[in-house]
Amino acid sequence: MKLNVIRQRGLWWTISAICILAGIIAMVTLQTQVGAPLRPGLDFKGGTRLQVELDCGVPGNCDKPISLDAIREVLKSQELGDASIQIVGQEQRAALIRTNTLSVDQRTKLQSELESKIGKFDVAKTQIDTVGPTIGRQLFQSALVALLVSFAGITLYMTFRFELDYAIFAIIALFHDVLITVGFFAILGLTPLRTEVDSLFVVALLTIVGFSVNDTVVIYDRVRETIQLNPGRHINEIVDDAVNQTLTRSINTTLTVLLTLFALFFFGGDTLRNFALALIIGFTMGAYSSIFIASTLLALWREKRGRAFAPVKTAEASSD
């Protein structure tokens, strides 16, 4: 079965437009609610990170693993219900709590309440860190610079390896993937889950950019090769053939990666769950944009610019 990406390109673009529009609406809504297009986590807005571990030297203190529900009850009693909690270690004897910035008295009170409900903590293994809003802004700025530098580098590489129009539409496809991923997390931030983003989310976006452009390069390389071998063919036919010739490779690569990411999502713990989810969304969109967006935009551009057919080399030109 041959996939006709050119004939149905209006459908692919409509699907992308709906996803992007929904994300933008969610980002605007969050901007009015929390002052940011995404719900910022501790890394960006600042806050307190508390890691505690049960003291197994106390008789009977480690007989049971730490109860997540018990920690939530304590946090709610301290009006810290929006804090994130992660049980650490295979034996579940340690907990990592991220919450808004707490004073010394608030931290002391929280630790005392936790000990009364969970058990005695090992003082030597208790860690308390505070991230200020200034550091959070610096992280955000560094993340933005990293994304812009990656886009610039990819543009130069694609222009050097192919042509400028190839590079432009590859970058548009990358923006498509990043926008949909960011928009999805904005939507999750509006739900009761109140999903936040941290520095790992930025790492996920950079990884998505690298993965997405890889698929696009494979398709573009086949398009360029087909143009060189068959310069008299229409660009629409060339793009359709290039996509179908690389389709199995793109699907197999994406599915293989997604299997690993789903395992990470379900079994990797709370800290890595949002990271894995971002990669799942981004990698799926990366394969989608490479097949249905970057290729079809290139074909439309070449057609509108009067370059639907590559110039055929004549015998005289070849001998020169």
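The values are calculated or read from the model by the stated rules, or taken from the named source; none is laboratory data. Just so we're clear, the structure is a prediction, and the values are computed from it rather than from any experiment. Every residue, glycine as well, gets a Cβ built from its backbone with ideal geometry; the counts of neighbours run over all protein chains shown.
Name the residue that is surrounded by the most Cβ atoms within 10 Å (Cβ to Cβ), counting only residues in the range 88-124 that are under 28 Å from the mean Cα position of the chain (by Cα) and within 11 Å of E53 (Cβ to Cβ). Checked the range 88-124; the qualifying residue surrounded by the most Cβ atoms within 10 Å (Cβ to Cβ) is A95.
Exactly one residue out of G57, G153 is assigned to a loop (DSSP other than H, G, I, E, B), of a type in the set (G, A, S) and either surrounded by fewer than 17 Cβ atoms within 10 Å (Cβ to Cβ) or within 25 Å of the chain's Cα centre (by Cα) (or both): that is G57.
Could you say which residue among L3, L38 is assigned to a loop (DSSP other than H, G, I, E, B) and touching a strand residue (DSSP E or B) at 6+ places or on another chain (Cβ under 7 Å)? Of the residues listed, the single one that is assigned to a loop (DSSP other than H, G, I, E, B) and touching a strand residue (DSSP E or B) at 6+ places or on another chain (Cβ under 7 Å) is L38. Quick check on V28: is it β-branched (V, I, T), surrounded by fewer than 15 Cβ atoms within 10 Å (Cβ to Cβ) and not in a helix (DSSP H, G or I)? So V28 fails the test.
Screening Y220 against (1) modelled with pLDDT under 90; (2) part of a helix (DSSP H, G or I); (3) not hydrophobic (A, V, I, L, M, F, W, C) leaves a single unmet condition, (1).
Checking every residue in the range 261-271 against the condition of being assigned by TED's automatic domain parsing to the domain that holds R305 and in contact with a Ser or Thr (Cβ under 6 Å, 6 or more places away or on another chain) gives zero matches.
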